[in-house]
Amino acid sequence: MLSRCFSPTCSPNPLSVIILPLLSKPVTIAGMSSFHPRDTLANRLIGLGCLLFLIPCLLSVLAVVFYIWPIAFSILPVGLRPVPVAQQGEVLLLVAELDGSAGADPTEQIDKTLQGSVLDFRNGGHQASSMRIGRLADIPLSDQEARKLGQHYHAAFVLWGAYDSSDVYTVTCSVLQPGGLLEPDQFTLTLQQDDTSDLEDLAELLLAIMLYHSGDYYHAETVIDALPNNLDPTLVAIYQTAIYRSVNNYAKALSAIDAVLAQQPDDAVLLTLKASILLDQAQYEEAIDAVSISLEQEPDMAEAYFVRGAVYRARGDAQSALDDYTHALELAPDNIKALRSRAQVHQTLGNTQAALSDYTAVIELDPDNYQNYLERAGVYTLNGDKDAALADFEQALVVAEESNASNYD
């Protein structure tokens, strides 16, 4: 006969009561005799009561997670809120605290202006899901520190700088992954805190740059077209050129460069950019003239030698191209574009060992580009090394599959 204890001192564990109805064999619980749990309706009712007790507890936990935590999160100062790491294909701009011991901290104003530009863009019916601005409490004091922060969050840009009591502040943008020709790896602007137009212009420029890096060239063109000429004209022209070229509007790119060169005729960066656009339009002699003037102004500009080498190569002068690519690599040994181009010229000239050496250097610098393995495999094939060519073909497939898989993560 079933014996029960109803004393509070020997009542069963509620969790045990929940589990008991699921068991098919008699069990023994501390303080109770061995019995079959399905023998009475009372045990079933106790189990049901415990379940009904747990449901409100679960709902309370969900309320904390989905309602109370977001409210508490929003109360935190912006710089103290955790910033999610950028996902695949997302362009993240980090705004770090500006360094300063006097005057009003302009970081909040900078952040709000940038957020406002992105919000206005979205409110205009445009998609900006691939762009995000995050605020950090960190105070980087150098480009190296800013880049370390950016790498941690997989950011594309980090905005940092300093301010003083004169209400003048310098803002530096560290560009972690420069894309276009001669895009700077960092740029610095000096702004007046009481002049909101300076800050608004910076916000619009950064919006155009973020759109460009996200691959939305059409909207990047729209934004940068409306940008006033109050910022660094060379900097703006660099990004105008990159954006206009991305939409194949070479005439507009040349016009933007010429407008600045009219005021700064010896600007080596813009002369080199102009030469690259003339190259795209097969105007080789004009391109050589422009880049040669650039090298007169800046004889140690690696990109200028690279552009002139590309012009010589397009014109069929392989040896002159080889010389300029080599000069560019002497100035910038890790220039992947110059290395790949020199490898291709070596291959054209039949210098297979030199081509293999350059392609190997390219792969060491850029191991995640399957095209590099295919190009080296082609040289191995010409050289009669079928085993090495096959190994590179197989590695190209592996890298391509990994790249495709990461794009869908």
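Each value in this text was obtained by applying a stated rule to the coordinates, not by laboratory testing. Only a predicted model underlies this, so the values are computations on that prediction, with no experimental measurement involved. All Cβ positions, glycine included, derive from the backbone under ideal geometry; neighbour counts span all protein chains shown.
Structural remarks
- Annotation: the residues THR241, THR170, THR113, sorted from fewest to most other C-beta atoms within 10 Å of their own C-beta, follow the order THR170, THR113, THR241.
- Shape annotation for the stretch 185-332: C-alpha extents along the principal axes are 55, 28, 27 Å, from largest to smallest.
- For the stretch 320-376, the convex hull drawn through the C-alpha positions has a volume of 64 cubic angstrom per residue.
- Ratio Rg/Rh [Cα only; Rh per Kirkwood] for the stretch 79-230: 0.94
- When each of LYS148/LYS274; LYS112/LYS148; LYS337/LYS386 is checked by Cα-Cα distance, pairs over 30 Å: LYS148/LYS274
- Fewest neighbouring Cβ atoms within 10 Å first, the residues CYS57, CYS50, CYS173 line up as CYS57, CYS50, CYS173.
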